[in-house]
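The values are calculated or read from the model by the stated rules, or taken from the named source; none is laboratory data. Bear in mind that the values here come from a model prediction, so they are computed numbers and not experimental data. Positions of Cβ are backbone-derived with ideal geometry, glycine not excepted, and every protein chain shown enters the neighbour counts. Just the protein is used for accessible areas: all its heavy atoms, side chains included, with ligands, DNA and RNA removed. Shrake-Rupley method; radii C 1.70, N 1.55, O 1.52, S 1.80 Å.
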Amino acid sequence: MKTHSVRHHESGRQLLILGCQGRPSCRTKFKTFFPILRLKTTASNISAVTATVASSIGAESYGVFKLSYDVRNEDQELLQKVWKRTIRVAISGAAGNISSHLLFMLASGGVFGMDQPVSFQLLGSERSRLKLEGVAMELEDSLYPLLREVRIGTDSRVMFRDADWVILLGAHPRTPGMTRAELLDINGQIFQEQGRALDEVASVDCKVLVVGNPCNTNALICMENAPRLPRANFHALMRLDENRAKCQLALRAGRFYTSLSRVAVWGNHSTTQVPDFLNARIAGVPAVDVIGDEGWFREEFTPTVANRGGAITERCRRSSAASTAVSIADALKSLVTPTPEGDCFSSAVCTDGNPYGIAEGLIFSMPCQSRADGRYEVVDNFMIDEWLDEKIMASEEELLKERACVSHLIPNAPPAACEITQDTMLPGEI
Ligand SMILES: NC(=O)c1ccc[n+]([C@@H]2O[C@H](COP(=O)([O-])OP(=O)(O)OC[C@H]3O[C@@H](n4cnc5c(N)ncnc54)[C@H](O)[C@@H]3O)[C@@H](O)[C@H]2O)c1
């Protein structure tokens, strides 16, 4: 099944419809959605309409999305309202667990704003096609006024076209017996292909957030295969790790999490990640002074945060999905709202020109600030002591090794031997 949008011929509004493939019940639905097209809705002319619809995709859309809405009877106030340009969000792995939370947060206006229309371009795998159809139907039934269009498909070159945001969730899960090096290769191939697709069809301003694991190296592969897009547009999700660090600090200090600031997590989204307690503040006071127990920070806080995903997976028998979706929403919000003065957010971004001497050409989590326009700057005034430096270097070393293992997926990279000796677990794994 396909989802299509059609531009209303009078108002320029876009309407959404789930494609019928000729089913009689669906043809009735089609009639309801397209009264203005005055079509005799047979299976054959539905495909003719579909072709017309496909050619209208990519145009800007304005107006109110409402199923079986008749513009002639529309509330004049709504008609006259000037809507923001619809934001196009492409999401891969859209039939998966994280997506089942994320899509509904995005469609409700909780991320981009209650006055910001959104449209979805949902990419699934062949295997998840039917489930993707179900997801689109659930979105339909949710009647979100800000959701203007939903498209589903399995071709990244179609789904990434004209997207403003691309959230890459789809990845192969690590199966029993699979080494981290094998996972890097299998998923690396997915992200090589998606990087190429982005290079061909994505808007040059689009921001890409990679979530599928191993997310830092997947983001690196994606970025290197999309040279037309600025390298600064690529992120790998580390916000979940930051949120987990904040939760542990708040619990230990007995303070509400809103009192926390400058909590960064450095490095790789693996157990080598470095939750930074040295620069963290609680109500503006250094967290180390408020908690006053250095042993706790090193021996409990750091491993607890790094292994939190595993602890959740052990209990739920699947990796965290709802809290991951929340952290994706937080990560996106951080880029479209100004970072409060003196605060930061964690995102794994390209290390080119970074102020901390981390090897260039990696996707590495660092403290960032945003001016609300989708772009960020790396915060350059974090203190690094010997302990932190050593930990950051270990995570950097791991990412250098990961990069060497996927050199065959990076254009123009010199061939390198894969030397991942330690089979580091990902936070979501048991
Ligand atoms: N970075 C983080 O903080 C973080 C946290 C949790 C999970 N993750 C990772 O996020 C990913 C998604 O997690 P989930 O729980 O939603 O997994 P899931 O298995 O429920 O969903 C993944 C979906 O992706 C689809 N898929 C696979 N290959 C695809 C491709 N090439 N194109 C499009 N779709 C494809 C699958 O069919 C599946 O529907 C996993 O890799 C997981 O390890 C990352």
Label point distance in nm, ALA404-ASP330, each placed 7 Å from Cα along Cα→Cβ: 3.4
For LEU260, distant residues with modelled amide H under 5 Å away: ALA283
Relative contact order (percent, whole number), the range 109-173, Cα cutoff 8 Å, 6+ residue spacing: 41
Under-5 Å amide H pairs with GLN121, H placed in peptide plane, nonlocal only: VAL89, ALA90, ILE91, ARG151
In order through the range 398-407: 3J(HN,Hα) via Karplus (6.51 cos²θ - 1.76 cosθ + 1.60), integer Hz, x for Gly, Pro: 4, 5, 5, 5, 4, 4, 5, 5, 10, 4
Extension reserve of the TRP296-ALA372 stretch, reckoned as 0.36 nm per residue once the Cα distance is removed: 23.8 nm
Amide H within-cut-off set for GLY113, under 5 Å, with H built and near neighbours excluded: none
Anisotropy class of the range 126-204 from Cα gyration tensor, a/c 1.5 cut: oblate
Inter-site label distance for ALA359 and MET383 at 7 Å from Cα along Cβ, in nm: 2.9
Rounded accessible area per residue of the range 78-144, 1.4 Å, Å²: 45
The range 304-363: GluC sites (Glu not before Pro) in DSSP loop, at most 12 other beta carbons within 10 Å: GLU341, GLU360
Protein-only accessible surface order, largest first, of LYS131, LYS401, LYS84 at 1.4 Å: LYS131, LYS84, LYS401
Estimated inter-spin distance, ASN307 and ARG228, nm [label 7 Å along Cα→Cβ]: 4.6
3J(HN,Hα) from dihedral phi, the range 340-347, Karplus parametrisation 6.51/-1.76/1.60, rounded to Hz, x for glycine, proline: x, 3, x, 9, 7, 9, 9, 8
Accessible surface, the range 237-330, averaged per residue in Å² (probe 1.4 Å): 39
Net charge of neighbours whose Cβ lies under 13 Å from the Cβ of GLU396, counting Lys and Arg as +1 and Asp and Glu as -1: -3
Karplus-derived 3J(HN,Hα), 6.51/-1.76/1.60, for each residue of the range 298-305, Hz, glycine and proline x: 7, 8, 10, 4, 4, x, 4, 5
